[in-house]
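**Student:** Pasting in a structure now, in structure tokens, and then I'll have a few things to ask.
The values are calculated or read from the model by the stated rules, or taken from the named source; none is laboratory data. Everything numeric here is computed off the predicted structure, so don't read it as measured data. We place every Cβ from the backbone using ideal geometry, glycine too, and count neighbours over all the protein chains shown.
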Amino acid sequence: MRAILIDSESKEVKEVDLIGDNVDAMRSYLNCTGLELVRLVRTDPAVDMYIDEEFRLKDNICNGLKIEGCPDVIMGNGLIVGTDVWSGKMVETNLLVSNVEEIVTFVERK
């Protein structure tokens with residue numbers, strides 16, 4: 001399943017492949033143990049981003065991202081997927097890397 005990784009350390013947006021809704025793979029991409037869902041766009045399929053749910057508690061995360069239209073800066077990485085609004089199942093995103101690059105700003109912790 002096609003997903004988009006926003007890598008705040010390398011300041012890169014790239015396409016990645018998830019096999020189903022593999023939580024371990026998602027945690028690996030995000031370098032975390034707990035996942036938090038941020039709904040970016042309410043469409044069908046919805047555009048969702050998974051982030052590290054404990055990013056506010058960690059002192060060792062130095063880089064983050066800001067998504068246009070979202071009020072918070074998110075420290076760490078983001079993983080964008082689609083979600084079927086009727087079943088709640090994760091599906092591949094319909095966004096392109098270029099779409100995401102247009103709405104992402106990388107930030108560094110001061």
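**Student:** Anything in the range 9-24 that is of a type in the set (Gly, Ala, Ser) and modelled with pLDDT of 90 or more? List them, or say none.
**Tutor:** Scanning the range 9-24 gives a single hit, Ser10.
**Student:** Applying the selection to the range 2-16, what residues are of a type outside the set (D, E, K, R), part of a loop (DSSP other than H, G, I, E, B) and in contact with a strand residue (DSSP E or B) (Cβ under 7 Å, 6 or more places away or on another chain)?
**Tutor:** Ser8 - this is the single residue of the range 2-16 that is of a type outside the set (D, E, K, R), part of a loop (DSSP other than H, G, I, E, B) and in contact with a strand residue (DSSP E or B) (Cβ under 7 Å, 6 or more places away or on another chain).
For every residue, the table says whether it meets (1) modelled with pLDDT under 90; (2) at positive phi.
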position: Val38; (1), (2): yes, no
position: Glu53; (1), (2): yes, no
position: Asn60; (1), (2): yes, no
position: Val73; (1), (2): yes, no
position: Gly76; (1), (2): yes, yes
position: Leu79; (1), (2): no, no
position: Val91; (1), (2): no, no
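**Student:** With respect to the numbered conditions (1) modelled with pLDDT under 90; (2) in a strand (DSSP E or B); (3) surrounded by 19 or more Cβ atoms within 10 Å (Cβ to Cβ), which one is the sole condition not fulfilled by Met49?
**Tutor:** For Met49, the failing item is (1).
**Student:** Among the residues of the range 28-45, is there at least one that is charged (D, E, K, R), surrounded by 15 or more Cβ atoms within 10 Å (Cβ to Cβ), under 12 Å from the mean Cα position of the chain (by Cα) and not in a loop (DSSP other than H, G, I, E, B)?
**Tutor:** Looking for residues that are charged (D, E, K, R), surrounded by 15 or more Cβ atoms within 10 Å (Cβ to Cβ), under 12 Å from the mean Cα position of the chain (by Cα) and not in a loop (DSSP other than H, G, I, E, B), one finds none in the range 28-45, hence no.
**Student:** Name the residues in the range 1-14 that are exposed (fewer than 15 other Cβ atoms within 10 Å of the Cβ) and either within 12 Å of Leu79 (Cβ to Cβ) or touching a residue at least 24 places away in the same chain (Cβ under 8 Å) (or both), would you?
**Tutor:** Glu9, Lys11, Lys14 - these are the residues of the range 1-14 that are exposed (fewer than 15 other Cβ atoms within 10 Å of the Cβ) and either within 12 Å of Leu79 (Cβ to Cβ) or touching a residue at least 24 places away in the same chain (Cβ under 8 Å) (or both).
**Student:** Using the structure shown, decide if Ile19 is in a loop (DSSP other than H, G, I, E, B) and either at negative phi or crowded, with 20+ Cβ neighbours inside 10 Å (or both).
**Tutor:** yes
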